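Colleague: What follows is a single structure, and I will ask about it in a moment.
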Amino acid sequence: MRPDPLANYRTAPLDDLLTILLRQFRRPLATRQIHISDADAAALAKRIAAREPLTDGDQAIRTALAELVRESEGVLARWSLTFEQSLRTAVSDIPGWETTADFLELAAEKTNAELRISTGSALLAALGDSGFAANLRTVIATAEPDLETVIAERVLAMTGEAPTP
C-alpha cells in the first residue's frame, strides 16, 4: 500500500499550518492596511491553536479576512458561480474568453478566488467566525483530498463544527 501523501499535513501542528495560511494573506491584508510579519503570523497562529482570546489586532485581521473572502465570492459571482459551483466548474466551461491569454487570465482569477475563499474561510473559522464554515464543508465535499481538504477537516474539528454538509 502506498503511503498517504497528506499524512504530514494531518499530523503537523495546527499552528504551523495556520502560520502558512496567514503568510499567504500578507499582501491581501496589506491592501487593508494590516501588515503582518512572519513572527506576527506565527504568534497569531499559536494564539488560535491555544484558543486564547483575540486581541484587537486579531479582530482587525478577522474583519479584513471576511472582506477578502466576500470580495473573492464577488469574483466568482461575475460568472454567476457560487463557491461550490466554481469548484465543480472547469475553466473552459466559463464563457468570456477567446484567446489563450484570456483563458489563462480567467483561470488565474478563478483559482485565486477559490483559494482565498478556502484558506480565508479556514482562518476565519479558526478565529471564531463560524459564518464561513460552510465553505470548509464544501471543500471537503467537492474537492479531491489535498492540503485544502486536510486544513478544512482540521479546522472544523478544532472548532467543533460538523465536517460534512
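The values are calculated or read from the model by the stated rules, or taken from the named source; none is laboratory data. Everything numeric here is computed off the predicted structure, so don't read it as measured data. Cβ: placed from backbone, ideal geometry, glycine included. Neighbour counts: every protein chain shown. Keep in mind that these areas ignore ligands, DNA and RNA; they rest on the heavy atoms of the full protein, side chains included. Shrake-Rupley method; radii C 1.70, N 1.55, O 1.52, S 1.80 Å.
Colleague: Would you confirm, using the coordinates I've provided, whether T111 is buried (at least 22 other Cβ atoms within 10 Å of the Cβ) and β-branched (V, I, T)? Before you say what the answer is, go through the steps one by one.
Modeller: Values: buried (at least 22 other Cβ atoms within 10 Å of the Cβ): no; β-branched (V, I, T): yes.
No; evaluated as a whole, the condition is false for this residue.
Colleague: Within segment 107-130, how many residues are touching a residue at least 40 places away in the same chain (Cβ under 8 Å), in a helix (DSSP H, G or I) and in contact with a Leu (Cβ under 9 Å, 6 or more places away or on another chain)?
Modeller: Residues that pass the stated criteria total 11.
Colleague: Return the total of residues in segment 19-49 being open to solvent by 40 Å² or more (accessible area, probe 1.4 Å) and β-branched (V, I, T).
Modeller: Residues meeting the conditions: 2.
Colleague: Mind checking which residues of segment 77-106 are free of Cβ contacts under 8 Å to residues at least 40 places away in the same chain, surrounded by 15 or more Cβ atoms within 10 Å (Cβ to Cβ) and part of a helix (DSSP H, G or I)?
Modeller: Passing the criteria: S86, V91, F103, L106.
Colleague: Can you find a residue that is more than 17 Å from the chain's Cα centre (by Cα), surrounded by 11 or more Cβ atoms within 10 Å (Cβ to Cβ) and in contact (Cβ under 8 Å) with a residue 60 or more places away in the chain anywhere in segment 50-57? Give the derivation first.
Modeller: First pass over segment 50-57, keeping only residues more than 17 Å from the chain's Cα centre (by Cα): 50-57.
Filter again for surrounded by 11 or more Cβ atoms within 10 Å (Cβ to Cβ), leaving 52, 54-55, 57.
Subset that is in contact (Cβ under 8 Å) with a residue 60 or more places away in the chain: 54.
There is at least one residue in segment 50-57 that is more than 17 Å from the chain's Cα centre (by Cα), surrounded by 11 or more Cβ atoms within 10 Å (Cβ to Cβ) and in contact (Cβ under 8 Å) with a residue 60 or more places away in the chain.
Colleague: Is segment 68-87 home to any residue that is of a type in the set (A, V, I, L, M, F, W, C) and within 15 Å of A125 (Cα to Cα)?
Modeller: Going residue by residue through segment 68-87, those that are of a type in the set (A, V, I, L, M, F, W, C) are 68-69, 75-77, 79, 81, 83, 87.
Next, from what is left, pick out any that are within 15 Å of A125 (Cα to Cα): 68-69.
For segment 68-87, residues of a type in the set (A, V, I, L, M, F, W, C) and within 15 Å of A125 (Cα to Cα): present.
Table: residues versus (1) hydrophobic (A, V, I, L, M, F, W, C); (2) touching a strand residue (DSSP E or B) at 6+ places or on another chain (Cβ under 6 Å); (3) in a helix (DSSP H, G or I).
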| residue | (1), (2), (3) |
| --- | --- |
| Y9 | no, no, yes |
| D15 | no, no, yes |
| L21 | yes, no, yes |
| P28 | no, no, yes |
| Q33 | no, no, no |
| R47 | no, no, yes |
| E52 | no, no, no |
| A60 | yes, no, yes |
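Colleague: Identify all residues within segment 127-150 that are open to solvent by 10 Å² or more (accessible area, probe 1.4 Å) and closer than 21 Å to R10 by Cβ; write none if there are none.
Modeller: In the first step, residues of segment 127-150 are kept if they are open to solvent by 10 Å² or more (accessible area, probe 1.4 Å); the result is 128-132, 134-135, 137-138, 140-148.
If the condition is that a residue be open to solvent by 10 Å² or more (accessible area, probe 1.4 Å) and closer than 21 Å to R10 by Cβ, then N135, R137, T138, I140, A141, T142, A143, E144, P145, D146, L147, E148 are the ones that fit.
Colleague: Which members of segment 151-165 meet the condition of being part of a helix (DSSP H, G or I) and open to solvent by 60 Å² or more (accessible area, probe 1.4 Å)?
Modeller: If the condition is that a residue be part of a helix (DSSP H, G or I) and open to solvent by 60 Å² or more (accessible area, probe 1.4 Å), then E153, A157 are the ones that fit.
Colleague: Something else: In this structure, does L17 turn out to be in contact with a helix residue (DSSP H, G or I) (Cβ under 8 Å, 6 or more places away or on another chain) and closer than 21 Å to R137 by Cα?
Modeller: Numbers: in contact with a helix residue (DSSP H, G or I) (Cβ under 8 Å, 6 or more places away or on another chain): yes; closer than 21 Å to R137 by Cα: yes.
Here the answer is yes, as L17 does meet what is asked.
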